[in-house]
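Encoded as structure tokens, the structure appears first; notes follow it.
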Amino acid sequence: MTEVLPKSTLYCGVCSYPPEYCEFTATFKRCKEWLLSNHQEVYEKLYSDEALANQTSTLSLEKEQKMEQELEKKQKKEEAKQERELQKKLSSKVTIKRIERNKRKHIISISGLEVFNIDMKKLSKTFASKFATGATVTKNAEKKEEILVQGDVSNEAKEYIEKLLEEKGLNEVKVEQIDDKKKKKALEAEAEAAAKAGKK
Amino acid sequence: MFKKFSKEDVHSRSNIKSSAQRGLKGNFVSQFEALEPVIDTIIPKKSQAILIKCEDKIQLYLIDNEVVLFQHFDDLIPTLKVVHKYPQCFPRVQVDRGAIKFVLSGANIMCPGLTSAGADLPEENLEEGSIVTIYAEGKETALAVGKLLMSTNDIKSINKGHGIELLHYLGDGLWNHTE
Ligand SMILES: [Zn+2]
């Protein structure tokens with residue numbers, strides 16, 4: 001019996017489809033840019049003048065144009081949306097607050113991460129194991145999620161988050177560190193939660 | 001089927017017994033005979049399949065962190081990633097270019113989209129209920145997997161109404177599912 005090898009298929013780095021289907025996605029423009037810089041030979045095969053001239057379709061010209069117009073509209077909308085999201089991300093900041101619980105103990109709270117599509121639960125787990133401490137996700141007064149970590153690990157957390165943002169191409173985002181010695185009581189409860197998470 | 005599928009639809013995960021794994025392979029091959037020479041590559045003898053039970057009685061089978069097939073009642077259905085690897089193993093139909101955007105939005109396929117000039121159906125009849133892989137005019141790779149709601153002979157002769165129930169397509173929740 002001869003072994004049948006699996007066929008390998010290229011998938012678009014932007015929309016995840018095989019590139020020949022990118023034309024049907026709202027990210028078509030970025031798909032093409034990705035393909036050109038990563039797999040030029042496939043790009044030529046799909047989008048060179050020659051390839052486009054040889055393309056046959058049973059759709060009437062009129063229908064084909066209508067389809068193209070619809071897709072173009074969809075793509076423009078998507079691009080505008082992505083631009084808005086990017087601006088929102090670039091204009092927001094992450095805050096790491098260092099809170100004194102008593103003379104020796106601190107916790108830090110990290111907020112402002114939600115706009116960056118970062119999995120908060122996962123990140124809190126990462127912090128817990130990285131810093132060998134307790135970490136938990138809670139909702140703050142503005143009903144936004146924040147991560148609480150036990151211990152004075154503000155600098156380490158900042159470094160880690162900056163690396164994470166850099167991976168997403170968001171180096172411009174500021175990570176702000178602040179010291180909070182007041183409001184102790186209000187945060188006691190939250191700290192308790194962090195302590196519990198640490199024991200698990 | 002996976003239009004709105006997400007991680008929240010996963011109920012449980014469990015390793016399946018090796019006897020059950022052999023049974024699964026046997027059933028998959030009896031459904032798609034052409035899988036015979038490659039089944040041990042798709043589900044290697046030494047691998048451990050993981051069963052993921054989901055909402056709506058859907059069951060996914062995971063090998064090496066990749067979903068390779070799913071089960072809905074008695075049907076075993078390959079994922080598109082597997083179809084792309086072994087396209088020759090599954091019966092195929094082709095929709096015309098005009099139908100592509102509807103397929104990619106998860107809609108069932110209407111008969112005319114399967115019988116027009118740009119479409120293609122196999123010469124020999126495929127029974128109602130068969131699982132088919134769906135290709136498109138001018139494209140090389142499959143874009144969906146579905147179940148025939150009518151035999152292909154009926155699709156050709158009646159040529160009205162829904163011909164294929166769409167089960168899985170590029171960009172749906174299963175396509176985007178990561179472990
Ligand atoms: Zn793409």
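The values are calculated or read from the model by the stated rules, or taken from the named source; none is laboratory data. All values derive from a computational prediction rather than experimental measurement. Because the Cβ atoms are built from the backbone with ideal geometry, glycine has one as well, and the counts that use them run over all protein chains shown.
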Original post:
Taking A:Gly134, is it surrounded by fewer than 21 Cβ atoms within 10 Å (Cβ to Cβ) and at pLDDT 85 or above?
Top reply: no
**OP:** Give the residue that is modelled with the highest pLDDT, with candidates limited to residues of the stretch A:6-32 that are under 14 Å from B:Ala142 (Cβ atoms) and among the charged types (D, E, K, R).
**Re:** A:Glu20
**OP:** Within the stretch B:101-109, identify whether any single residue is at pLDDT below 95, surrounded by fewer than 20 Cβ atoms within 10 Å (Cβ to Cβ), part of a loop (DSSP other than H, G, I, E, B) and of a type in the set (Lys, Arg), and answer yes or no.
**Re:** no
Original post:
Any idea which residue in the stretch A:34-61 is nearest to the chain's Cα centre (by Cα), counting only those that are within 13 Å of chain B (Cβ to nearest Cβ) and part of a helix (DSSP H, G or I)?
Top reply: A:Val42
**OP:** Please verify whether the stretch B:104-117 includes one or more residues that are touching a helix residue (DSSP H, G or I) at 6+ places or on another chain (Cβ under 8 Å), touching a residue at least 60 places away in the same chain (Cβ under 8 Å) and at the interface with another protein chain (Cβ under 10 Å from one of its Cβ atoms).
**Re:** yes
**OP:** Quick one: which residue in A:Thr9, A:Thr25 is among the polar types (S, T, N, Q) and near the ligand (Cβ under 10 Å from one of its atoms)?
**Re:** A:Thr25
Original post:
Does at least one position in the stretch A:62-73 carry a residue that is within 16 Å of the ligand (Cβ to nearest atom), outside any loop (DSSP other than H, G, I, E, B) and either surrounded by 12 or more Cβ atoms within 10 Å (Cβ to Cβ) or not assigned by TED's automatic domain parsing to the domain that holds A:Ala195 (or both)?
Top reply: yes
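Yes/no matrix, rows are residues, columns are (1) exposed (fewer than 13 other Cβ atoms within 10 Å of the Cβ); (2) more than 20 Å from B:Phe90 (Cβ to Cβ); (3) within 14 Å of another protein chain (Cβ to nearest Cβ):
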{"residue": "B:Asn15", "(1), (2), (3)": "yes, yes, no"}
{"residue": "B:Thr41", "(1), (2), (3)": "no, no, yes"}
{"residue": "B:Lys46", "(1), (2), (3)": "yes, yes, no"}
{"residue": "B:Asp56", "(1), (2), (3)": "yes, yes, no"}
{"residue": "B:Tyr61", "(1), (2), (3)": "no, no, no"}
**OP:** Keeping to the stretch B:87-103, report how many residues are within 13 Å of chain A (Cβ to nearest Cβ) and closer than 25 Å to A:Ser8 by Cβ.
**Re:** 8
Original post:
Tally time: how many residues in the stretch B:12-51 are under 20 Å from B:Phe73 (Cα atoms) and among the basic types (Lys, Arg)?
Top reply: 4
**OP:** List every residue pair whose Cβ atoms sit under 7 Å apart, with the two residues 6 or more apart in sequence or on different chains, where the first one lies in the stretch A:7-34 and is in the same structural domain as A:Glu70 (by TED's automatic domain parsing) and the second, anywhere, is aliphatic (A, V, I, L, M) and near the ligand (Cβ under 7 Å from one of its atoms).
**Re:** A:Thr27/A:Val14; A:Arg30/A:Val14; A:Cys31/A:Val14; A:Trp34/A:Val14
